[in-house]
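As structure tokens, the structure follows; a few thoughts come after it.
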Amino acid sequence: MREVEQAHAPDACTGRQSRTEWIPDADGIPSREAARVLVIDPDNRVLLIRGHDIDRPDFWWWFTVGGGIQGQSRREGAVRELYEETGLRAQAQRLIGPVLYRRAVLKFTRGVQRQNEYFFLLRVTAAEASSVVAGKELSALEQELLDEYRWWDASAIEEAERAGEIFYPVGLGALVQGWINGWDGTCDVIDENDTAEEHGEEKAETADEAVAPSRRKTPLRKPPPVQRRTPTGPN
């Protein structure tokens, strides 16, 4: 695993909450659509970000590059977020996928949010990987919430998951290993609401974003079931 130098960029953009519109669902829970990128270097390591709940610094988790779509296509939103969070510029056609569609619920101290996430793969060169600048175009709020950028290999993710560290999607290590071995053209589907119900948690009425994890010593949750489908709709 290799850490990435943290940039202290000027507040060139507004905060994540304000620059990406969250629209309340019928039940009043803020929801949005998002695009995420699994950036993979020549050593088959994936770039992940560690962030925390604004009200609980000890409430943290690892996740992929990406964020909300602002009236763009999924690919356009993905490459925009890629630049804002890493400084890497990539053409949308370089993205592979979507390889995963994730429906989940974000549980923060201040409330719950939902998000539909489309994940893409991006293979980068060694030069591109070494040029990653953590937080290239982040707001002051985002710089406060995002703690660390790091390159991980799939086995290290799986080991860390077993040790109790939290990654989203749950079971990310196994997913990454499968994609590294070769994408078969189908889009995996994860509905984390079903998993929440299995564990006695409140099930959201509609599925969307990632449940923000907590640093608690409890048995690891079983990864949600992965369904397979062929990608449909605009990318």
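Results, tabulated for the structure shown:
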{"item": "Near-label residues of segment 55-97 by backbone N, under 20 Å of a point 7 Å along Cα→Cβ of Ala156", "result": "60-66, 86-88"}
{"item": "By average C-beta atoms within 10 angstrom, highest first, the peptides 39-49, 176-186", "result": "39-49, 176-186"}
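All of the numbers you see were taken from the coordinates with simple rules; none came from a lab. For clarity, every value in this text was computed on a predicted model and none was experimentally measured. No Cβ is skipped: glycine too gets one built from the backbone with ideal geometry, and neighbour counts run over all protein chains shown.
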